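> I have a structure I would like to understand better, so I am pasting it below and will then ask my questions one at a time.
The values are calculated or read from the model by the stated rules, or taken from the named source; none is laboratory data. What you see is a predicted model, and the numbers here were worked out from it, not measured in a lab. Please note: Cβ atoms are built from the backbone with ideal geometry, for glycine as well, and neighbour counts cover all protein chains shown. When the accessible area is computed, the model is the full protein with side chains, heavy atoms only, and any ligands, DNA or RNA have been set aside. Shrake-Rupley method; radii C 1.70, N 1.55, O 1.52, S 1.80 Å.
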Amino acid sequence: MAEPAQKKAKTTRTFLFSSESVNEGHPDKLCDQVSDAVLDACLREDPQSKVACETCAKDNMVMVAGEITTKAKLDYDKIVRAAVLQIGYDSYVDDLSSVDSKGLCDKTCEVLVRINKQSPDIAGGVHVGKTDMDVGAGDQGIMFGYASDETSDCMPLTHSMATRLGKTLTDVRKSGECWWLRPDGKTQVTIEYLQHADGSVEPKKIHTVVISTQHAEPLKAVRSKECAGYKGPEMTAPSMEAMNKEIEEKVIRRTLQNITLKNGQPALTLYGSHTHLHINPSGKFIIGGPQGDAGLTGRKIIIDTYGGWGAHGGGAFSGKDPTKVDRSAAYICRQMAKSVVASGLSARCLVQLSYAIGVAKPLSLFVETYGTEKHGLDVDDITNILKVEFDCRPGAIAVSLALREPKYQETAAYCHFGREPYTKEGRKYFEWENAMDLNKYQTMKTEQVSAALKASNYLTKWVD
């Protein structure tokens, strides 16, 4: 008689994982921000605007294209130029040997517009004649949200670090502290992790940091010419070696000091002589922006989310109003996953939703906790908890996360997740980062969770 199969014991393992990010001046990110600037301009005058705006940039040209139905009166030329200037692109020379060209100029760039109204077929199937709660999904698709307890904001450290390095590069450029930096740039981080027997992951040390950043000509560029409007004492750009030293001190170390790990310590404690540094490893990076590479909306979807952790449904975010579930459902998936982890129900959580065009209720809800669930709950219990507490119909998401407000340009660079939620001028920014308190479920058994589900009105918002 055959012996019964033995259940494989859970073990620990060590592995390396990498995530990358780009600055707001990267050509693709430039396009994301322009698309969301157009969306904000629509929502500012007409919260019910239906927007699908794509942007393309190459050399000294920016084109916006798509389908927009809105009561707002839009000056696309003004919107595009304002977004370009805000990023920091104010000079273009049509010569790849020029050291003065930043890659795009807000004043002289060509702005092309190819915008039509939303298809009446789509409008009729999705929202025309429907109440807010009955508005259907703007398209079919799958969306994911992820959270991990390795950092205080429930984001994977590799991606949080890569994203914030890019933001710090921009901050020290715009403040003038490192005035010789230019808008374009990329970052990448590799971290050594320990995966525990319960499935949770713990960052042990920062293995590698890569930063490639656009900059002015070393030892020759002067601040009065590089920085429009500068009236202070004249300065000359430092050498490449000195630039790299400043980046290590003012960008890398400063960023790590401001990221808090699960144990309450700064991420700087994981950085040291063991960390491999590659700062501008290809040498000079003077020509950048759309002059160096063409840009398109929606080409940085992993950077916009979790840096390769969890999963991705493939849909981009920028330039899309809340009826486009590629965006709004991904936001509620993040809130659900973060709520589970922040409430201590599991150490890691992945949530998936799916939709059909014109249908309000999600077609499916999937939850994965990687074996890290706690308090005697299993993944089915956690799935039922989310069904009780959340309403993922597009209309409900738009209301609960205040998604009909003009606040999207702020989300279009440095990741849509792991950001600090705040309210400004009555608008709720990054509302999906406010985790719902699910602590009451820590003391419940499966039978109690099931009873709570049956007692709720979940069939009004979920399929059976």
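> What number of residues in segment 164-183 are outside any loop (DSSP other than H, G, I, E, B) and open to solvent by less than 10 Å² (accessible area, probe 1.4 Å)?
8
Residue-wise test of (1) within 24 Å of the chain's Cα centre (by Cα); (2) of a type in the set (A, V, I, L, M).
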residue	(1), (2)
349	yes, no
354	yes, no
380	no, no
392	yes, no
399	yes, yes
406	yes, no
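> Is it fair to say residue 463 is surrounded by 17 or more Cβ atoms within 10 Å (Cβ to Cβ) and β-branched (Val, Ile, Thr)?
no
> Report those strands (runs of 3 or more DSSP E) wholly inside segment 1-115 carrying at least 3 residues which are over 30 Å from residue 194 (Cβ atoms), open to solvent by 10 Å² or more (accessible area, probe 1.4 Å) and hydrophobic (A, V, I, L, M, F, W, C).
It comes to 61-69.
> Related question: Given (1) open to solvent by less than 50 Å² (accessible area, probe 1.4 Å); (2) in contact with a Phe, Trp or Tyr (Cβ under 8 Å, 6 or more places away or on another chain), identify the lone condition not met by residue 423.
Result: residue 423 fails condition (1) only.
> Right, here's the next one. Regarding segment 236-255, can at least one residue be identified that is within 16 Å of residue 189 (Cα to Cα), open to solvent by 60 Å² or more (accessible area, probe 1.4 Å) and either touching a helix residue (DSSP H, G or I) at 6+ places or on another chain (Cβ under 6 Å) or outside any loop (DSSP other than H, G, I, E, B) (or both)?
Yes, segment 236-255 contains a residue that is within 16 Å of residue 189 (Cα to Cα), open to solvent by 60 Å² or more (accessible area, probe 1.4 Å) and either touching a helix residue (DSSP H, G or I) at 6+ places or on another chain (Cβ under 6 Å) or outside any loop (DSSP other than H, G, I, E, B) (or both).
Let's see how each residue does on (1) small (Gly, Ala, Ser); (2) more than 21 Å from residue 35 (Cα to Cα); (3) touching a residue at least 40 places away in the same chain (Cβ under 8 Å):
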| position | (1), (2), (3) |
| --- | --- |
| 388 | no, yes, yes |
| 391 | no, yes, yes |
| 395 | yes, yes, yes |
| 398 | yes, no, yes |
| 424 | no, yes, no |
| 451 | yes, yes, no |
| 456 | yes, yes, yes |
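> Restricting to segment 263-273, name every residue that is surrounded by 11 or more Cβ atoms within 10 Å (Cβ to Cβ) and more than 25 Å from the chain's Cα centre (by Cα).
269
> Among the numbered criteria (1) surrounded by 14 or more Cβ atoms within 10 Å (Cβ to Cβ); (2) touching a residue at least 60 places away in the same chain (Cβ under 8 Å), which one does residue 225 miss?
(1) is the only condition that residue 225 fails.
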